[in-house]
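Worksheet: the structure to be examined is printed underneath.
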Amino acid sequence: MSRIELAVPALALALAAAAIQPSAHAQQAATTGGPAAFAPADLEFVLKAADGGLAEVALGNLAQEKTGSDEVKKFARRMVEDHTKANDALVKLAMERGTKPPQRSSEIAQEVEKTMRAYAGKEFDEVYVAEQVGAHVTTVALFQHAAEHARTPELRDFAKRTLPTLQEHLKEAQALMQRSSGG
């Protein structure tokens, strides 16, 4: 089994674990409480979405450095731009509700980035694109749930507004994966 075949499932598992377990950032988030505070499930969404967004920006920047593919570089640039915009909107919304989201990605996301730094060129592209497919499957599900079930109207609206972009990211990543596998 190649390094890539071993790395992709490990990275996907790490990201999935981060998405389903209670956020490590929950203890780091500064909340003032009060009438504007988020319900626990809404706070968990904010923290997971913030962590995922920060990770997307970091990995997008890394991909722009490590890839030799114009197509992957263009995709990575879009990840940085779109996720920075969404992160900024989420931070503003959270701060209005008395919550300060994390300013750096979780330890799991940092480990994924560290692992990906070991790859270069075509190997990096394959691992990055596969990670993006997995990350966006999880993120789309997270945002779909919030769009339907968030108790905070502004948070529900944010999820609904952001979801189409995330779905486009997933389709783009899947198309990149298809092209790179020759199918």
(1) touching a Ser or Thr at 6+ places or on another chain (Cβ under 8 Å); (2) more than 14 Å from Ala63 (Cβ to Cβ); (3) among the hydrophobic types (A, V, I, L, M, F, W, C): which one isn't true of Leu155, the others all being true? (1)
If a residue must be of a type in the set (Lys, Arg) and over 18 Å from the mean Cα position of the chain (by Cα), how many such residues does segment 157-183 contain? 1
Would you confirm whether any residue within segment 153-173 is in contact (Cβ under 8 Å) with a residue 40 or more places away in the chain, within 15 Å of Val72 (Cβ to Cβ) and hydrophobic (A, V, I, L, M, F, W, C)? yes
For Ala150, state whether it is farther than 18 Å from Val72 by Cα, modelled with pLDDT of 95 or more, of a type in the set (A, V, I, L, M) and exposed (fewer than 14 other Cβ atoms within 10 Å of the Cβ). no
Output the helices (runs of 4 or more DSSP H) that fall wholly within segment 37-125 and possess 1 or more residues being of a type outside the set (Gly, Ala, Ser), modelled with pLDDT of 95 or more and buried (at least 22 other Cβ atoms within 10 Å of the Cβ), or say none. 40-66, 70-96
Any residue at all in segment 133-144 that's over 15 Å from the mean Cα position of the chain (by Cα) and part of a helix (DSSP H, G or I)? no
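The values are calculated or read from the model by the stated rules, or taken from the named source; none is laboratory data. Keep in mind that what you see is a predicted model, and the values were worked out from it rather than measured. So basically every Cβ, Gly included, is an ideal-geometry build from the backbone, and we count neighbours across all protein chains shown.
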